[in-house]
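Everything below concerns the one structure shown next.
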Amino acid sequence: MALAVGGFLMAAAVVAPSTASAESATTKDRVTVSDGTSIAVTVTGEQPLQARPTVVEFTPYGSGGTQFRPGPDYNYLLVQIRGTGDSNGQFDALGPKGQQDVVDVLQWACTQSWSDGRLAVAGFSASAIMIFNSLHHELPCVKAAVLRSGTFELYRDLLMPGGIPNTLVGLGVVAMIGAPTLQQGPERMQRDPASSVDALLGLLTTGLNGGLLHLALDDYWAERGFRGDANQIPTLFLDGAFDVEPRGDYQGFQQLRSQGTPAQLQVTGAHDGAPAGTDNGQRAIERWLDRYVRDIDNGVEDEPAVQMYIPEGSRQEFLAGRYTRVEADDWPIPGTAWESLYLTPDRSGGAVSTNDGSLSLTKPTKTIRQWYLSLPSLFTQTDPHLTALVDGAAGQTLSKIPGVTESNLSNLVGLTYTTPALTQDVQAVGPGTLEISLSSLMPSTGIWAVVSDVAPDGTAHPMTTARLNTAYPNIIEEKSVYRNGTLVQPYGDFSTVKLARVGQTRTYHVEMWPVTNVFKAGHRIQVTLVGQSIQAPLGLPSLNSVVLGGAQASSLTFPVSPGSDLAAALR
């Protein structure tokens with residue numbers, strides 16, 4: 001059962017919490033918001049606690065949920081979201097009531113003695129989502145925002161990507177929110193016994209809504225995503241190359257930039273960890289706040305709008321500090337070319353699988369079908385984003401166990417399509433599309449495709465995933481992204497279920513979450529079709545068939561960065 005609280009699982013394991021020095025002062029308080037609900041807050045700052053610029057973070061993780069280190073020039077206000085920690089009310093999954101609380105608390109903070117009237121909002125994961133969902137309100141006194149690993153749309157970007165439940169994330173979040181709520185239970189009971197009942201009802205209602213009652217993208221989910229921007233707040237977005245919420249920050253950056261809001265996107269690390277030798281974006285955060293909150297002329301606005309650390313073959317190598325730095329003026333990176341890599345039946349010799357097919361720049365003229373049994377796959381081998389989340393929370397132990405985070409074993413029961421060994425490096429940065437003509441013996445099934453970097457020794461390292469519930473075959477054209485007539489980022493229509501007839505072949509446009517990688521010379525690019533991740537249940541196992549070649553040829557629309565030449569690399 002997926003739960004509508006996503007995007008913030010295990011965040012505390014990644015970014016070091018704020019630490020109060022011996023000279024710090026901490027004060028607890030309560031704010032009564034417009035509907036009468038009492039919200040718990042804590043303000044921390046250097047002694048004496050006096051008027052300073054203040055960074056505000058809204059968290060569902062109680063009094064210990066801090067994720068930010070604003071530094072001695074700022075006070076820090078931690079706000080416990082309604083129905084969590086020691087705040088009254090019912091948690092509404094970052095919905096309308098929580099969004100109004102953001103406005104009310106910020107208005108209160110503007111006038112406090114420890115505030116000089118200049119506020120910044122900051123958040124990692126849940127805290128970032130809370131702010132992004134609230135931007136359609138005017139946020140008083142806010143001069144800047146720092147949002148790391150959030151969602152543009154909670155449904156599409158995390159909890160139901162491709163219309164497929166992201167179950168493990170939802171269950172984990174309930175535990176993460178429930179634990180501090182229970183821990184602070186005695187304090188809550190002593191202060192207001194009835195509030196404990198509200199807290200439990202809020203979590204239960206959230207689970208029912210997100211897991212059972214709202215499986216399609218309806219008005220419930222629309223209230224838990226971006227609904228416009230009334231503020232034009234200068235915003236720094238941060239994320240990771242393998243983060244569990246990779247889509248939201250890219251989409252948020254695009255949206256704010258398109259309306260003229262100062263925005264910067266840095267892919268430096270988040271839930272997935274940061275490369276060795278880097279500061280996880282800390283200096284970028286400090287400079288952004290200094291520029292837009294304290295009005296220090298430090299030149300941030302003149303820096304490249306997009307700054308990224310991208311892997312060179314695997315997440316393990318990336319974490320070890322082997323990466324390429326990429327800078328650009330926009331996203332997707334200007335000058336990117338999207339190439340069609342066709343799925344063909346020709347044997348590649350690059351994989352051990354049920355078919356060992358090839359990826360080719362040439363479309364096969366003959367039409368054939370290949371079949372695969374869609375059985376649940378092990379998420380550590382087929383879902384690199386969730387794997388990075390769990391691995392980051394576990395101290396990067398999974399990635400140190402041979403075979404656990406590689407896709408070779410899953411390939412044994414799937415269909416693989418692999419290029420020849422590249423003759424030169426190919427940098428791939430951007431979203432993509434899996435155009436696949438598929439039939440199934442079930443009225444709906446999960447299309448699950450893993451894009452991997454295959455090393456010269458044959459080890460396949462998953463880099464990103466494309467996924468789609470075949471019950472949602474349509475896209476919304478006006479929100480999809482095209483380049484030179486090519487669909488490079490489909491925007492799926494998840495509002496209405498349209499089941500296929502048994503055995504009916506339909507063409508699906510499957511969004512591939514952004515890939516960021518340098519496929520080195522001697523490596524291969526691989527696409528594997530397998531059953532969806534075992535943590536994302538959807539119906540029964542099925543026998544699926546894929547059309548290769550001809551008018552309904554299946555292909556991967558693949559982003560190739562400026563300066564790379566995929567055609568030359570495949571000669």
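The values are calculated or read from the model by the stated rules, or taken from the named source; none is laboratory data. Everything numeric here is computed off the predicted structure, so don't read it as measured data. Counting neighbours? That spans all protein chains shown, and the Cβs are built from the backbone with ideal geometry, glycine included.
Within segment 146-157, residues that are on the phi < 0 side of the Ramachandran plot reach partners that are surrounded by fewer than 24 Cβ atoms within 10 Å (Cβ to Cβ) and basic (Lys, Arg) with beta carbons closer than 9 Å, at six or more positions or on different chains, in the pairs Thr151/Arg247; Phe152/Arg247; Glu153/Arg247; Arg156/Arg247; Asp157/Arg247. Kindly state which strands (runs of 3 or more DSSP E) lie completely within segment 246-354 and contain at least 1 residues that are within 30 Å of Ile368 (Cα to Cα). Of the strands (runs of 3 or more DSSP E) lying wholly inside segment 246-354, those with at least 1 residues that are within 30 Å of Ile368 (Cα to Cα) span 337-344.
Scanning segment 505-553 for residues that are over 30 Å from Phe253 (Cα atoms) and in contact with a Phe, Trp or Tyr (Cβ under 7 Å, 6 or more places away or on another chain) yields Leu529, Val530, Gly531, Ile534, Leu543, Asn544, Ser545, Ala553.
Among the residues making up segment 194-205, those that are under 18 Å from Ile39 (Cβ atoms) and of a type outside the set (A, V, I, L, M) are Ser195, Ser196, Asp198, Gly202. Checked against (1) over 26 Å from Lys97 (Cβ atoms); (2) modelled with pLDDT under 85, Ala263 meets all criteria but (2).
Specify the residue that is surrounded by the most Cβ atoms within 10 Å (Cβ to Cβ); the eligible residues are those in segment 296-319 that are touching a residue at least 12 places away in the same chain (Cβ under 8 Å) and of a type in the set (S, T, N, Q). Explain how you work it out, then say what you get.
From segment 296-319, those touching a residue at least 12 places away in the same chain (Cβ under 8 Å) are 300-301, 303-316, 318-319; that's our starting set.
Retained after the next criterion (residues that are of a type in the set (S, T, N, Q)): 307, 314, 316.
Values: Gln307: 18, Ser314: 24, Gln316: 16.
Selected residue: Ser314.
Only a single item in (1) touching a Ser or Thr at 6+ places or on another chain (Cβ under 6 Å); (2) assigned to a loop (DSSP other than H, G, I, E, B) is not met by Asp104, and it is number (2).
Enumerate the strands (runs of 3 or more DSSP E) found wholly within segment 470-571, keeping only those where 1 or more residues are of a type in the set (Gly, Ala, Ser) and surrounded by fewer than 23 Cβ atoms within 10 Å (Cβ to Cβ).
542-548
Only one entry of Thr397, Thr344 meets the criterion of being among the polar types (S, T, N, Q) and closer than 30 Å to Arg506 by Cβ, and that entry is Thr344. Could you check Ile368 against (1) crowded, with 17+ Cβ neighbours inside 10 Å; (2) touching a Pro at 6+ places or on another chain (Cβ under 6 Å) and say which number it fails? With (1) crowded, with 17+ Cβ neighbours inside 10 Å; (2) touching a Pro at 6+ places or on another chain (Cβ under 6 Å) applied to Ile368, the lone miss is (1). When each of Glu406, Glu435 is tested for being part of a loop (DSSP other than H, G, I, E, B), touching a residue at least 12 places away in the same chain (Cβ under 8 Å) and either surrounded by 24 or more Cβ atoms within 10 Å (Cβ to Cβ) or acidic (Asp, Glu) (or both), the lone residue that passes is Glu406. Taking the listed residues Ser340, Ser360, Ser374, the one that is small (Gly, Ala, Ser) and at pLDDT below 95 is Ser374, with no other qualifying.
Per the listing Pro96, Pro70, the residue uniquely touching a residue at least 24 places away in the same chain (Cβ under 8 Å) and over 24 Å from Gly228 (Cα atoms) is Pro70. One residue stands out in segment 339-365 among those that are polar (S, T, N, Q) and surrounded by 20 or more Cβ atoms within 10 Å (Cβ to Cβ): the one that is nearest to Gln427 (Cα to Cα), namely Ser358.
Determine which member of the set Ala388, Ala394, Ala466 is assigned by TED's automatic domain parsing to the domain that holds His509 and either under 20 Å from Leu343 (Cα atoms) or charged (D, E, K, R) (or both).
Working: Ala388 fails: either under 20 Å from Leu343 (Cα atoms) or charged (D, E, K, R) (or both); Ala394 fails: either under 20 Å from Leu343 (Cα atoms) or charged (D, E, K, R) (or both).
Answer to the check: Ala466.
Filtering Gly95, Gly83, Gly45 for residues that are at pLDDT 90 or above, in the same structural domain as Asn133 (by TED's automatic domain parsing), buried (at least 21 other Cβ atoms within 10 Å of the Cβ) and more than 24 Å from Pro186 (Cβ to Cβ) leaves a single hit, Gly45. Of the residues making up segment 135-155, those that are aliphatic (A, V, I, L, M) and assigned to a strand (DSSP E or B) number 5.
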